[in-house]
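Below is one structure; the comments refer to it alone.
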Amino acid sequence: MYSLNKPDDFIPAMVEFLGDQQYRVHYLRQPFIREPDFGVTSVNYSFAELLARAEALVLP
C-alpha cells in the first residue's frame with residue numbers, strides 16, 4: 001500500500017469507452033481513503049462514483 005504513503009506518485013487512469021472507437025481517459029488522485037483490513041482479498045468500487053471524483057491530469 002505504498003500508494004497510500006505517496007499518493008502523488010500513483011495516479012490511476014480510468015478509461016471510459018464511448019463507442020465508435022472513441023474513449024475518454026480520467027485520472028483519479030488519491031483513490032484510496034484507507035488501507036484495507038488485514039486478510040482482505042478483494043475490494044470493489046463503483047465505477048460511476050470513481051468517475052465522479054476523477055479529473056483531467058495536469059503535468060507540472
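Among (1) 1.17; (2) 1.09; (3) 1.02, find the value of Rg/Rh (Cα atoms, Kirkwood Rh) that was calculated from the structure presented, and write down its label.
(3)
Near the amide H of M14, under 5 Å away, which other amide H atoms are found, from residues 5 or more places off or on another chain, if H is placed in the peptide plane?
H26, Y27, L28
DSSP loop (so not H, G, I, E, B), at most 12 other Cβ within 10 Å: list which chymotrypsin sites (Phe, Trp or Tyr not before Pro) in region 9-60 pass both filters.
Sparse-neighbourhood loop chymotrypsin sites (Phe, Trp or Tyr not before Pro): F38, Y45.
Can you work out the Karplus-derived ³J(HN,Hα) for every residue in region 39-47? Use 6.51 cos²θ - 1.76 cosθ + 1.60 with θ = phi - 60°, whole Hz, and x for glycine or proline.
x, 6, 10, 7, 9, 10, 10, 7, 4
Bear in mind these aren't lab numbers, they're just calculated from the coordinates by the rules spelled out. In this text, all values refer to a predicted model and were calculated from it rather than measured experimentally. Heads up, the Cβs are rebuilt from the backbone with ideal geometry, glycines too, and the neighbour counts pull from every protein chain shown.
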